[in-house]
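Take a look at the structure set out below.
The values are calculated or read from the model by the stated rules, or taken from the named source; none is laboratory data. Computed from a prediction, not measured in an experiment: that's the story for all the values here. All Cβ positions, glycine included, derive from the backbone under ideal geometry; neighbour counts span all protein chains shown.
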Amino acid sequence: MPTSLLMSKNRLEALSDGIYAVALTLLALDLKLAALPEASNASLGAELENLLPKALIWLLAFWVTALFWLAQSRTLRQYDELDKPAMMIELTQLALITLLPFTCSLMAEHGDLGTAALVYSLHLTLLAVLSWLRIARLLRTPALRSADGFDEPAARLQLQRAVVVVLCALVTVALAWWLPAWNMLAMLGIVLHRRASATPGAARA
């Protein structure tokens, strides 16, 4: 193995799966019912209704986090081994993933404030940029590619989708101060792009 290659991707995948599993679980910690003023269906229904905004934030955060995990998994399948820059990209992104429960909680408690929306949006933007950087570097560094796993058309589709995620995240940043409670809906642009690109025979990303 060349000295520039530091670690087997299998070890990184094991670490990554553990971190993502913990982060995805911790996202649900804000879904707590307040004490009921009385034990009645009406009180329970009112508390569940009050919990709905936090549940929507959890759902969006879970979905976006899962997309980052899928993007990483699909890209790492096309790697042979990881060199130092690749390892730094992965570890930095994993560090940001561990902070997702905090920024998600910030949105759940103060999502109507521009500062909270901006912090969460910038967090997602950094994650999106690292996802783009990972696949872009693989495409321009043949030495990192797996001899039997690299699929250039699929990798280029992944790059295109990574760019869309970055653009959607940047829109959330731009809207954070004007629509702090709704700016994260810009991330749904990812769904629209995926549907547009899901043509018969298209490479899977």
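List of remarks:
- Test: residue in the stretch 71-84 that is in contact (Cβ under 8 Å) with a residue 12 or more places away in the chain and within 22 Å of Val173 (Cα to Cα): yes
- Every listed requirement among (1) within 30 Å of Asp148 (Cα to Cα); (2) in a helix (DSSP H, G or I); (3) touching a residue at least 12 places away in the same chain (Cβ under 8 Å) is met by Met88 save one, (3).
- Qualifying residue in the stretch 105-112 (condition: among the aliphatic types (A, V, I, L, M), touching a Cys at 6+ places or on another chain (Cβ under 8 Å), at pLDDT 90 or above and closer than 30 Å to Lys32 by Cβ): no
Okay, residues lined up against (1) under 16 Å from the mean Cα position of the chain (by Cα); (2) loosely packed, with under 13 Cβ neighbours inside 10 Å; (3) not in a loop (DSSP other than H, G, I, E, B):
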{"site": "Ala14", "(1), (2), (3)": "no, yes, yes"}
{"site": "Leu27", "(1), (2), (3)": "yes, no, yes"}
{"site": "Leu48", "(1), (2), (3)": "no, yes, yes"}
{"site": "Ala108", "(1), (2), (3)": "no, no, yes"}
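- Qualifying residue in the stretch 22-40 (condition: more than 29 Å from Leu179 (Cβ to Cβ) and modelled with pLDDT of 90 or more): yes
- In the stretch 68-88, residue farthest from Pro101 (Cα to Cα) [restricted to those that are surrounded by 19 or more Cβ atoms within 10 Å (Cβ to Cβ) and among the hydrophobic types (A, V, I, L, M, F, W, C)]: Leu82
- The residue that is nearest to Glu90 (Cα to Cα), counting only those in the stretch 7-21 that are modelled with pLDDT of 90 or more and of a type in the set (Ser, Thr, Tyr), is Ser16.
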